[in-house]
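The values are calculated or read from the model by the stated rules, or taken from the named source; none is laboratory data. Please read all numbers here as calculations on a predicted model, not as lab measurements. As a convention, Cβ positions derive from the backbone with ideal geometry for all residues, glycine included, and neighbour counts pool all protein chains shown.
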């Protein structure tokens, strides 16, 4: 599995623990890696993908009455669900619509390829000045 994930362009480093059933993937700045690529690589090596704990740069959007997060660079859009254990509430994130943010969250693997993409938001902060508004 390590070799397959390391071959994905944009992967900077990888730490795999088979005993703990996890892999920590560090991506290069400006990468174009989609989470699905990593999950497909895990699956093609005979393992079952699990949830991903992520830090992502993007912006919050309000679409049809629901909050979504658009990951910059790969233009993936996820529905946002505010984790009740997070230190932030729904109103806090609603005030960030259209602003560049770094978010922390958990993405469960989809049940099927057509299923909704969801981020369980655990926290967010303003994007650092050097990368604010940067579009790829």
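Of all the listed residues (71, 97, 106, 60), the sole one being in contact with a helix residue (DSSP H, G or I) (Cβ under 7 Å, 6 or more places away or on another chain) and either over 16 Å from residue 27 (Cα atoms) or buried (at least 17 other Cβ atoms within 10 Å of the Cβ) (or both) is 60.
Just one of the listed residues (103, 8) is at pLDDT 90 or above, closer than 21 Å to residue 117 by Cβ and in a loop (DSSP other than H, G, I, E, B), and it is 8.
All conditions but one from (1) surrounded by fewer than 16 Cβ atoms within 10 Å (Cβ to Cβ); (2) under 14 Å from the mean Cα position of the chain (by Cα); (3) free of Cβ contacts under 8 Å to residues at least 60 places away in the same chain; (4) not assigned by TED's automatic domain parsing to the domain that holds residue 127 apply to residue 33; the one that does not is (1). Quick check on residue 15: is it assigned to a strand (DSSP E or B) and either in contact (Cβ under 8 Å) with a residue 60 or more places away in the chain or exposed (fewer than 14 other Cβ atoms within 10 Å of the Cβ) (or both)? So residue 15 passes the test.
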